[in-house]
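A.B. asks: Once you've had a glance at the structure underneath, I'll fire off some questions.
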Amino acid sequence: MALSCPKCPSSSRFGIPQTQRTATASAPFYHFSIPKRDLATPMSSRTSNNRKHGPTCMREAITPVPVDEEEAPLENVENGLPAVRSNASWNTEVNSASGEDSTVSITVVGASGDLAKKKIFPALFALFYEDCLPKHFTIFGYARSRMTDGELRAMVSKTLTCRIDKRENCNDKMEQFLERCFYQSGQYNSEGSFAELNKKLKEHEAGRISNRMFYLSVPPNVFIDVVKCASKSASSLNGWTRVIVEKPFGRDSESSAALTRNLKQYLEEDQIFRIDHYLGKELVENLSVLRFSNLVFEPLWSRQYIRNVQLIFSEDFGTEGRGGYFDNYGIIRDIMQNHLLQILALFAMETPVSLDAEDIRNEKVKVLRCMKPLILDDVVIGQYKSHTKGGISYPAYIDDKTVPNDSLTPTFAAAAIFINNARWDGVPFLMKAGKALHTKGAQIRVQFRHVPGNLYKKSFGTDLDRATNELVIRVQPDEAIYLKINNKIPGLGMRLDRSNLNLHYAARYSKEIPDAYERLLLDAIEGERRLFIRSDELDAAWALFTPLLKELEENKIAPELYPFGSRGPVGAHYLAAKYNVRWGDLSAEH
Ligand SMILES: NC(=O)C1=CN([C@@H]2O[C@H](COP(=O)(O)OP(=O)(O)OC[C@H]3O[C@@H](n4cnc5c(N)ncnc54)[C@H](OP(=O)(O)O)[C@@H]3O)[C@@H](O)[C@H]2O)C=CC1
Ligand SMILES: O=C1O[C@H](COP(=O)(O)O)[C@@H](O)[C@H](O)[C@H]1O
């Protein structure tokens, strides 16, 4: 696509990097340059054969692992698929995949902010610790706040709250990492400031091929300013330039389309990495493996056997300091339209042609477009109110100083979604998301139909629904996949109970699970787009929610109040009951 882009300079032939910026007097828009080398490399080969990370990096291409413990002792599996990678192969890759003569610079724009401190720097450090970053890399923090390199380093070292902080040699590795971190202060709308950044980036690149990543960890109102200035003044001239864009990607169809249109004044779609960190979660990534590599699941994956599917997100804390952002968005935009809908798309899509990013994203778009836009009758909204328990008083949403007293913004929502295709016709997909609830977790629950003519019907009493199989994918915390089955209680009688066939990650795998941001940052560095949102996916996602959001806001629909720490509004139970569904209980099976 980008190769024929009229705004992009042409490079003389495949494999020769671009050396020109696109701006001319007659072409007012600038584009980040895209080297043809990068575009011309098929995604699959980029992800599997062209790795740029180090020998101890656990990341592998899709690699067959021995199937059972007799073939492979558990530890071997844990230890990162040992047979495949060796120092020799790493060294070869460094040289042949332009490791020695190229460099990657990652600029965290908004480096002084919450997300940068909480997630981005810790994830980058974890990647460094695991030897997953390229040999030559530099990290720049960029924001308006005045800070020296030393102050940035002090800030980063203090916020090392990630999984690495208890590991061997953490301090030494941290020092090595911090030596690669620098800071540039500047305005988000100043080409001059980005030119300063460019100068420093160049010094660090020291004449190597320069690959540049900009992570937009700033409020959305400055996205375009940053992209414009970075593209004019700090784009790579001879390597790739990519931009990671954080959510929210707009507030509705129109604003999202406008954002995409504006980004595309300066970027090709291939350069935009729209991040939805739920796609980087281990069990979400595993969804496709579960479905498409196990014969026992895929044949059951349809209206014929599945009664309903539940996608549940629950937090046991309120907006806590993010009320200013949250009040403009609400839970439907914050969680449902992106995180839960992305999971649903992966869950319900048809089998993709291959694991290539475009094939997967094509299937996601197709299934999203088969979904019926949400209607008010199939939605319940709530907002938490204050509650006192055990002498402790928990605040209401509107007690947050950054939230107006009369705010109608939902902090809870439940919705029923239907997919208008042959596979899913009539199956309710129930979503529920809420803040300040009784527990924290995220799950996918698949309730199967009743066994026709069940011989053991009598043993189940009146509640046949309780005796149907249920597959639970516990995304977090304490990752697990378990299947509820009916089983005979051992003994001379014939009594049945429900038991779990349980794949409990902590028991099965001793290796820690990487944070979602680690996986996604590494993918972006490697040019792997599978877990990032394409613009047509985004359009389809907004098309589902925009009419509902407009109706809620134009009609000022009041949310049902629920006490902080409760299970949410009772309306959610009525909604489920309307479709003969009983919500699964997140806290019941730990
Ligand atoms: N925090 C989180 O958990 C999550 C955040 N996000 C998204 O990531 C992005 C960054 O989030 P977060 O770090 O929480 O944001 P912050 O509010 O902490 O902002 C990040 C930085 O941007 C600058 N900034 C803040 N407000 C403005 C403003 N009005 N105009 C210009 N610059 C401003 C500040 O830096 P300085 O003043 O130094 O320039 C600040 O340190 C946002 O788009 C957010 O929606 C997405 C998911 C989760
Ligand atoms: O994107 C967001 O996600 C977080 C929840 O992420 P998790 O990985 O901790 O489950 C949520 O708190 C926040 O409101 C939302 O913007």
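The values are calculated or read from the model by the stated rules, or taken from the named source; none is laboratory data. Only a predicted model underlies this, so the values are computations on that prediction, with no experimental measurement involved. Cβ: placed from backbone, ideal geometry, glycine included. Neighbour counts: every protein chain shown. Surface accessibility is based on the protein's heavy atoms, side chains included, excluding ligands, DNA and RNA. Shrake-Rupley method; radii C 1.70, N 1.55, O 1.52, S 1.80 Å.
A.B. asks: Report whether or not Val451 is assigned to a loop (DSSP other than H, G, I, E, B), open to solvent by 70 Å² or more (accessible area, probe 1.4 Å), away from ligand 2 (no atom under 16 Å from the Cβ) and of a type in the set (Val, Ile, Thr). Talk me through it step by step, then tell me what you get.
C.D. replies: Working: assigned to a loop (DSSP other than H, G, I, E, B): yes; open to solvent by 70 Å² or more (accessible area, probe 1.4 Å): yes; away from ligand 2 (no atom under 16 Å from the Cβ): yes; of a type in the set (Val, Ile, Thr): yes.
Here the answer is yes, as Val451 does meet what is asked.
A.B. asks: Scanning for something hydroxyl-bearing (Ser, Thr, Tyr), under 22 Å from Phe317 (Cα atoms) and open to solvent by 10 Å² or more (accessible area, probe 1.4 Å), does segment 389-400 turn up at least one residue?
C.D. replies: Looking through segment 389-400, at least one residue is hydroxyl-bearing (Ser, Thr, Tyr), under 22 Å from Phe317 (Cα atoms) and open to solvent by 10 Å² or more (accessible area, probe 1.4 Å).
A.B. asks: Ile360: part of a helix (DSSP H, G or I), away from ligand 2 (no atom under 16 Å from the Cβ) and among the β-branched types (Val, Ile, Thr), yes or no?
C.D. replies: Yes, satisfied.
To keep it simple, each residue is scored yes or no on (1) closer than 30 Å to Arg251 by Cβ; (2) open to solvent by less than 20 Å² (accessible area, probe 1.4 Å).
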site: Leu501; (1), (2): no, no
site: Glu528; (1), (2): yes, yes
site: Ala541; (1), (2): yes, yes
site: Ala558; (1), (2): yes, no
site: Val570; (1), (2): yes, no
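A.B. asks: So, of the residues in segment 204-228 that are near ligand 1 (Cβ under 9 Å from one of its atoms) and assigned to a helix (DSSP H, G or I), which turns out to be farthest from Glu100 (Cα to Cα)?
C.D. replies: The qualifying residue farthest from Glu100 (Cα to Cα) is Asn221.
A.B. asks: Which residues, taken from segment 507-542, are basic (Lys, Arg) and within 19 Å of Tyr215 (Cα to Cα)?
C.D. replies: Arg519, Arg529, Arg530, Arg534
A.B. asks: Could I ask something else about it? Given Gly330, Gly323, Gly382, Gly318, which one is open to solvent by less than 10 Å² (accessible area, probe 1.4 Å) and on the phi > 0 side of the Ramachandran plot?
C.D. replies: On inspection, the qualifying residue turns out to be Gly330.
Rundown of residues vs (1) touching a helix residue (DSSP H, G or I) at 6+ places or on another chain (Cβ under 7 Å); (2) more than 16 Å from ligand 2 (Cβ to nearest atom), yes/no style:
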residue: Ile312; (1), (2): no, no
residue: Thr351; (1), (2): yes, yes
residue: Arg369; (1), (2): yes, yes
residue: Pro373; (1), (2): yes, yes
residue: Thr388; (1), (2): no, yes
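A.B. asks: One residue is enough: does segment 474-481 have a residue meeting the conditions closer than 22 Å to Leu344 by Cβ and open to solvent by 40 Å² or more (accessible area, probe 1.4 Å)?
C.D. replies: Checked against the condition, which is being closer than 22 Å to Leu344 by Cβ and open to solvent by 40 Å² or more (accessible area, probe 1.4 Å), segment 474-481 yields at least one hit.
A.B. asks: Ok, one more. Taking Ser231 and the conditions (1) away from ligand 1 (no atom under 12 Å from the Cβ); (2) in a strand (DSSP E or B); (3) among the hydroxyl-bearing types (Ser, Thr, Tyr), which numbered condition does it fall short on, given that it satisfies the others?
C.D. replies: Only one criterion in (1) away from ligand 1 (no atom under 12 Å from the Cβ); (2) in a strand (DSSP E or B); (3) among the hydroxyl-bearing types (Ser, Thr, Tyr) is unmet by Ser231, namely (2).
A.B. asks: Right, next: Let me confirm something: among Val226, Val245, which residue is within 16 Å of ligand 2 (Cβ to nearest atom), within 25 Å of the chain's Cα centre (by Cα) and open to solvent by less than 10 Å² (accessible area, probe 1.4 Å)?
C.D. replies: Result of the check over Val226, Val245: Val245.
A.B. asks: Restricting to segment 283-316, name every residue that is within 27 Å of His438 (Cα to Cα) and small (Gly, Ala, Ser).
C.D. replies: Ser314
A.B. asks: Hey, among Ser185, Ser233, Ser157, Ser210, which residue is open to solvent by less than 60 Å² (accessible area, probe 1.4 Å) and in contact (Cβ under 8 Å) with a residue 60 or more places away in the chain?
C.D. replies: So the residue among Ser185, Ser233, Ser157, Ser210 that is open to solvent by less than 60 Å² (accessible area, probe 1.4 Å) and in contact (Cβ under 8 Å) with a residue 60 or more places away in the chain is Ser210.
A.B. asks: Residues in segment 123-133: is at least one open to solvent by 30 Å² or more (accessible area, probe 1.4 Å) and small (Gly, Ala, Ser)?
C.D. replies: Scanning segment 123-133 turns up no residue that is open to solvent by 30 Å² or more (accessible area, probe 1.4 Å) and small (Gly, Ala, Ser).
A.B. asks: Here's another thing I want to ask about it. Kindly indicate which of Leu341, Leu368, Leu311 is in a helix (DSSP H, G or I), under 26 Å from the mean Cα position of the chain (by Cα) and more than 16 Å from ligand 1 (Cβ to nearest atom).
C.D. replies: Leu368
A.B. asks: Go through (1) open to solvent by less than 10 Å² (accessible area, probe 1.4 Å); (2) more than 20 Å from the chain's Cα centre (by Cα); (3) not polar (S, T, N, Q) and name the single condition Asp172 misses.
C.D. replies: For Asp172, the failing item is (1).
A.B. asks: Taking the condition of being buried (at least 16 other Cβ atoms within 10 Å of the Cβ) and either under 19 Å from Leu520 (Cβ atoms) or in contact with a strand residue (DSSP E or B) (Cβ under 8 Å, 6 or more places away or on another chain) (or both), how many residues in segment 356-379 meet it?
C.D. replies: Matching residues across segment 356-379 total 11.
A.B. asks: Restricting to segment 103-125, count the residues that are in a helix (DSSP H, G or I), touching a strand residue (DSSP E or B) at 6+ places or on another chain (Cβ under 7 Å) and near ligand 1 (Cβ under 10 Å from one of its atoms).
C.D. replies: 2
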